[in-house]
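Bear in mind that the values in this text are calculations on the coordinates, not laboratory data. None of these values were measured; they are calculated from a predicted model. No Cβ is skipped: glycine too gets one built from the backbone with ideal geometry, and neighbour counts run over all protein chains shown.
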Amino acid sequence: MADSRDMVGAHDMFRAQFGALPALLAGVAPGDTARAAVVEEHVVLLATLLHGHHGAEDEHVWPKLHERCPRESQDLVATMEAQHAGIDTALQDLVTGARLWAPAADAAGRDALAGVAARLGPALAEHLALEEAETLRLIDGYLTEQEWKATVAAAAGKLTPDQGPLAIGMMLHEADEHMEELIRGGAPEEFWTEVRPVAVGAYAAYATRVYGDAGRP
């Protein structure tokens, strides 16, 4: 059966990156369009990563759980779907706001966008916590390991060749030793020896450009 503990690694990455977003936006000086363009690109990337992560669950996880889980678990699965829909709406607002704000980098647009990011954070945190507390056990109980790996592959398949290593680097940056071992155990050995160094380097360079140093958020 599935072992979905590695999902917590992706969740930790989303918690860290989206948690840092309001302050990152607020730190852009009015009129600094060059900096605003960097932050806009970051907003779009985060939205793309989270939308792809949730989209894979929408396509590959929730339908199977609806089909296989007992009646008492159906409300939980429906809650997961409803939370995804609400978060997706907030992501659309975030991306639209970033694209409207960045060309002029005006203070009003920046503050409105930071407000959207600040409201998204708690909703996302609530969803991730509920998923970890209640839903991972359903995934592990009713999906096979092959089905779970297909879900992970579906999320990765939505990314460009540049986005894939960067997303892995983001996740590894937040991973403790235990999570690194889980990620390593679920990947081919060549991933660890070949892809991991590229991913770590990609995120270090990206974090320096977005946050000002390679260690944030």
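So which residues in region 25-34 are surrounded by fewer than 21 Cβ atoms within 10 Å (Cβ to Cβ) and touching a residue at least 24 places away in the same chain (Cβ under 8 Å)?
Across region 25-34, the qualifying residues are Ala26, Ala29, Pro30, Gly31, Asp32, Thr33.
Any residue in region 119-128 that is in contact with a His (Cβ under 6 Å, 6 or more places away or on another chain) and either surrounded by 13 or more Cβ atoms within 10 Å (Cβ to Cβ) or outside any loop (DSSP other than H, G, I, E, B) (or both)?
yes
If Ala205 meets every condition in (1) within 26 Å of Met80 (Cβ to Cβ); (2) surrounded by fewer than 17 Cβ atoms within 10 Å (Cβ to Cβ) apart from one, which number is that one?
Here Ala205 meets the rest and fails (1).
If I ask for residues that are out of contact with any Phe, Trp or Tyr (no Cβ under 7 Å at 6 or more places or on another chain), of a type in the set (Gly, Ala, Ser) and more than 17 Å from Phe14 (Cβ to Cβ), which ones from region 99-129 would you list?
Once the filter is applied, which keeps residues that are out of contact with any Phe, Trp or Tyr (no Cβ under 7 Å at 6 or more places or on another chain), of a type in the set (Gly, Ala, Ser) and more than 17 Å from Phe14 (Cβ to Cβ), region 99-129 yields Ala102, Ala104, Ala105, Ala107, Ala108, Ala112, Ala114, Gly115.
Can you find a residue in region 42-54 that is under 15 Å from Leu138 (Cβ atoms) and either crowded, with 19+ Cβ neighbours inside 10 Å or touching a residue at least 12 places away in the same chain (Cβ under 8 Å) (or both)?
No: region 42-54 contains no residue that is under 15 Å from Leu138 (Cβ atoms) and either crowded, with 19+ Cβ neighbours inside 10 Å or touching a residue at least 12 places away in the same chain (Cβ under 8 Å) (or both).
Checking Pro63 against (1) within 17 Å of Ala155 (Cα to Cα); (2) surrounded by 14 or more Cβ atoms within 10 Å (Cβ to Cβ), only one condition comes out false. Which one?
Here Pro63 meets the rest and fails (2).
Restricted to region 1-53, and to residues that are within 9 Å of the chain's Cα centre (by Cα) and among the polar types (S, T, N, Q), which residue is nearest to Thr89 (Cα to Cα)?
Ranking the qualifying residues of region 1-53, first place goes to Thr48.
Filter region 84-105 down to the residues that are within 25 Å of Ile168 (Cβ to Cβ) and not aliphatic (A, V, I, L, M), then identify the one that is surrounded by the most Cβ atoms within 10 Å (Cβ to Cβ).
It comes out as His84.
Run down Ala133, Ala153, Ala123 and say which single residue is under 17 Å from Thr79 (Cβ atoms), without any contact (Cβ under 8 Å) to a residue 40 or more places away in the chain and either touching a strand residue (DSSP E or B) at 6+ places or on another chain (Cβ under 6 Å) or not β-branched (Val, Ile, Thr) (or both).
Ala133
When both residues are 6+ apart or on different chains and their Cβ atoms are under 7 Å apart, which pairs have a first residue that lies in region 104-118 and is closer than 12 Å to Leu21 by Cα and in contact (Cβ under 8 Å) with a residue 40 or more places away in the chain, and a second that is of a type in the set (Phe, Trp, Tyr) and assigned to a helix (DSSP H, G or I)?
Taking only residues 6 or more apart or on different chains, the pairs are Arg110/Trp101; Leu113/Trp101.
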